[in-house]
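J.: Okay, here's the structure, questions in a sec.
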Amino acid sequence: MIQLFKKFLKNTPIYPFLLRFQWERKKRKIINGWKKMGNPIPPPHLIKQETVKEYAQKFSTQILIESGTYLGDMVFAMKDVFNQIYSVELDSDLYMKTKERFANAQNIHIIQGDSSKALPDLLSLIKQPCLFWLDGHYSGGITTKGALNTPILEEVKYIFAHAVKDHIILIDDARHFIGQKDYPTIEHLKELVAKERPSWVFEVKDDIIRISKFTLGYPIKINNFEGFKRKILDRISMKVILFSNKIILFIVNKEFRIAIKLWFRKQGNKNLRVNYELNQNSIVIDAGGYQGDWAFQIYNKYKCNIFIFEPIKSYYRKISERFAGVGKIQNINFGLGDCDIERHISVTKDSSSFYKKEATSSSEPCRIMSVKRFMLERDLKHVDLIKINIEGGEYDLLDKLLDSGLINQFGNLQIQFHKFIPNAFLRRRKIRRILSKTHYLTYNYPFVWENWRKK
Ligand SMILES: C[S@@+](CC[C@H](N)C(=O)[O-])C[C@H]1O[C@@H](n2cnc3c(N)ncnc32)[C@H](O)[C@@H]1O
């Protein structure tokens, strides 16, 4: 009976959607499982695939160039993402196997050779920005070793010397970059990039070195949703979605305008943002310290312990001067986030953000500290209040607190959500839905300020 039903389903037009749904569910399970374990390195291949996909979508690259085809799993996963895929494999057996695997795909080109030798010829065909997935290295087993364990420095040099200057480079296995077995150190590679592309972003995350003109700015999960949404929309009707997006935007903006009016009418800054049941033993985190005004008010009122996170050097220095000699206030020159990472921040007074760039703003490299690491290193079991005003970073940070269960260690969360992040409305809604299981809302001025208190 079940077999019959399955056979029937296979012949219906909804079958591809069911398969897609099943795959998305499986993917989510793998990604969530990996996150629950604390993002161990190396990540599952799926995370690498999602990263390549995410960069391809964000930077609209049509061509993937991979070094190290191996069994062709990355090629296979990307076959519908890119218009053209070139992959170079040194080992002749692996080359033959993958050549056969993709024999029917016109847009997939498997090339045999040492990638450091094959790249110049390949690059001579290229006239537009490509995404490079550099993964051609000796890895034991059935893989092959060329003149070097890894030709990465040669590869990167060829890419930088190419006439097209906007290629995106992703390099797998960052953990091997320790200056041994032909691998440069991360620092060495970073210096090379800084020399060739001084304003570019050099990031290391999930064991992948990412070299690109701009930072991605938002996480895989949402981009998946974006891609998925885009495909469905294409098939059903783009207009319907555009229209509903407009409606959502209209509602959010309307709600925001009302909220901001009410906030000022109620004098929220004075009456709500500094009123908590705190005492001199309380622990407070100020994520996004700026000039320390909020921390100043809270400290004056409760004389509690405050950790201020401020990634921008000039503001950090100002706060340090302001609270010099106040032992209970610790000023940390990091942003607070979901992982340890270095990123460029666009500096625009109290709107400085890793996620948006104003035409007039300058940019500076900043460090972000994972909230999990911070809590562990400081041995913090309970935080009475965290204020989060980090210009778009709140979504990643809150996702991390919720995913990891750390949320239970927070008494109050005072949050300012920002609208300029892609899918801000949906992300806020999801965060609030999960947050409401452990916390209740004490005040709510959408996209202005809201506070959640532990149940
Ligand atoms: C880690 S595997 C690649 C996995 C594949 N990129 C994926 O994501 O599914 C590394 C591959 O690089 C190949 N390799 C080693 N040195 C190479 C070189 N100099 N040029 C091209 N390929 C190389 C190895 O034979 C091996 O198949």
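The values are calculated or read from the model by the stated rules, or taken from the named source; none is laboratory data. These numbers were taken from a predicted model, which means no experiment stands behind them. Note that each Cβ is placed from the backbone with ideal geometry, even for glycine, and that neighbours are counted across all protein chains shown.
J.: Could you please find all residues in segment 373-410 being more than 22 Å from I298 (Cα to Cα), among the charged types (D, E, K, R) and touching a Gly at 6+ places or on another chain (Cβ under 7 Å)?
T.: Selection gives D396 alone.
J.: Considering only residues that are more than 32 Å from the chain's Cα centre (by Cα) and either modelled with pLDDT under 85 or assigned to a helix (DSSP H, G or I) (or both), which ones fall in segment 269-278?
T.: Of everything in segment 269-278, those that are more than 32 Å from the chain's Cα centre (by Cα) and either modelled with pLDDT under 85 or assigned to a helix (DSSP H, G or I) (or both) turn out to be K270, N271.
J.: Have a look at L426, L398 and point out the one that is part of a helix (DSSP H, G or I) and either aromatic (F, W, Y) or within 25 Å of K266 (Cβ to Cβ) (or both).
T.: L398
J.: When T185 is evaluated against the numbered criteria (1) free of Cβ contacts under 8 Å to residues at least 12 places away in the same chain; (2) within 30 Å of G392 (Cα to Cα), which criterion, by number, is the only one it fails?
T.: (2)
J.: Please work out which residue is surrounded by the most Cβ atoms within 10 Å (Cβ to Cβ), limiting yourself to segment 69-85 and to residues that are over 12 Å from W133 (Cβ atoms) and within 10 Å of the ligand (Cβ to nearest atom).
T.: Per the criteria, the residue is G72.
J.: Being free of Cβ contacts under 8 Å to residues at least 40 places away in the same chain and part of a strand (DSSP E or B) is the filter here, so list the residues in segment 61-100 that pass it.
T.: Q84, I85, Y86, S87
J.: Let me ask something else about it. Can you name the residue in segment 86-128 that is of a type in the set (V, I, T) and under 27 Å from F59 (Cα atoms) and, of all such residues, is farthest from the ligand (Cβ to nearest atom)?
T.: The qualifying residue farthest from the ligand (Cβ to nearest atom) is I126.
J.: Given the conditions (1) of a type outside the set (A, V, I, L, M); (2) under 20 Å from T144 (Cβ atoms); (3) exposed (fewer than 13 other Cβ atoms within 10 Å of the Cβ), and given that R101 satisfies all but one, which numbered condition is not satisfied?
T.: Status for R101: all satisfied but (3).
J.: Go through segment 1-57 and report how many residues are buried (at least 16 other Cβ atoms within 10 Å of the Cβ) and at positive phi.
T.: 1
J.: Does K58 satisfy the criteria of being away from the ligand (no atom under 16 Å from the Cβ), in a helix (DSSP H, G or I), basic (K, R) and in contact (Cβ under 8 Å) with a residue 60 or more places away in the chain?
T.: Details: away from the ligand (no atom under 16 Å from the Cβ): yes; in a helix (DSSP H, G or I): yes; basic (K, R): yes; in contact (Cβ under 8 Å) with a residue 60 or more places away in the chain: yes.
For K58, the condition - away from the ligand (no atom under 16 Å from the Cβ), in a helix (DSSP H, G or I), basic (K, R) and in contact (Cβ under 8 Å) with a residue 60 or more places away in the chain - is met.
Here is a yes/no grid of residues against (1) at pLDDT below 85; (2) assigned to a strand (DSSP E or B); (3) not assigned by TED's automatic domain parsing to the domain that holds D338:
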position	(1), (2), (3)
K165	no, no, yes
K195	no, no, yes
V204	no, yes, yes
G227	yes, no, yes
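J.: Now, a different point. Taking the options F323, F307, name whichever one is assigned by TED's automatic domain parsing to the domain that holds H382, buried (at least 19 other Cβ atoms within 10 Å of the Cβ) and under 28 Å from S404 (Cα atoms).
T.: Residue meeting the stated conditions: F307.
J.: Answer yes if at least one residue in segment 67-74 is modelled with pLDDT under 95, at negative phi and in contact with an Asp or Glu (Cβ under 7 Å, 6 or more places away or on another chain), and no otherwise.
T.: Within segment 67-74 (the criterion being modelled with pLDDT under 95, at negative phi and in contact with an Asp or Glu (Cβ under 7 Å, 6 or more places away or on another chain)), the answer is no, since none of the residues qualifies.
J.: Quick one: is L46 of a type in the set (A, V, I, L, M, F, W, C), more than 16 Å from the ligand (Cβ to nearest atom) and assigned to a helix (DSSP H, G or I)?
T.: Against the criterion (of a type in the set (A, V, I, L, M, F, W, C), more than 16 Å from the ligand (Cβ to nearest atom) and assigned to a helix (DSSP H, G or I)), L46 does not qualify.
J.: Next question. Restricting attention to segment 402-437, which residues are under 23 Å from D384 (Cα atoms) and free of Cβ contacts under 8 Å to residues at least 24 places away in the same chain?
T.: Of everything in segment 402-437, those that are under 23 Å from D384 (Cα atoms) and free of Cβ contacts under 8 Å to residues at least 24 places away in the same chain turn out to be G405, R432, R433, S436, K437.
J.: Next question. Can you tell which of I260, I248 is at pLDDT below 85, in a helix (DSSP H, G or I), surrounded by 11 or more Cβ atoms within 10 Å (Cβ to Cβ) and not assigned by TED's automatic domain parsing to the domain that holds D172?
T.: From the options I260, I248, the qualifying one is I248.
J.: Which residue, of K26, K6, is out of contact with any Lys or Arg (no Cβ under 6 Å at 6 or more places or on another chain), at pLDDT 85 or above and away from the ligand (no atom under 16 Å from the Cβ)? Working first, answer last.
T.: Working: K6 fails: at pLDDT 85 or above.
Residue meeting the stated conditions: K26.
J.: Across segment 23-47, what is the total count of residues that are over 20 Å from K372 (Cβ atoms), among the hydrophobic types (A, V, I, L, M, F, W, C) and more than 16 Å from the chain's Cα centre (by Cα)? So that I can check it myself, show each step before the final result.
T.: Here is the first cut: in segment 23-47, the ones over 20 Å from K372 (Cβ atoms) are 23-30, 45-46.
After this cut, where a residue has to be among the hydrophobic types (A, V, I, L, M, F, W, C) as well, the list is 23, 30, 46.
Now narrow it down to the ones that are more than 16 Å from the chain's Cα centre (by Cα): 23, 30.
So the answer is 2.
J.: Return the residues of segment 121-146 that are assigned to a loop (DSSP other than H, G, I, E, B), surrounded by fewer than 22 Cβ atoms within 10 Å (Cβ to Cβ) and out of contact with any helix residue (DSSP H, G or I) (no Cβ under 8 Å at 6 or more places or on another chain); say none if nothing qualifies. Please lay out each step first, then the result.
T.: Within segment 121-146, the subset assigned to a loop (DSSP other than H, G, I, E, B) is 124-130, 135-146.
So of that shortlist, the ones also surrounded by fewer than 22 Cβ atoms within 10 Å (Cβ to Cβ) come out as 124-129, 138-146.
Matches in segment 121-146: S124, L125, I126, K127, Q128, Y138, S139, G140, G141, K145.
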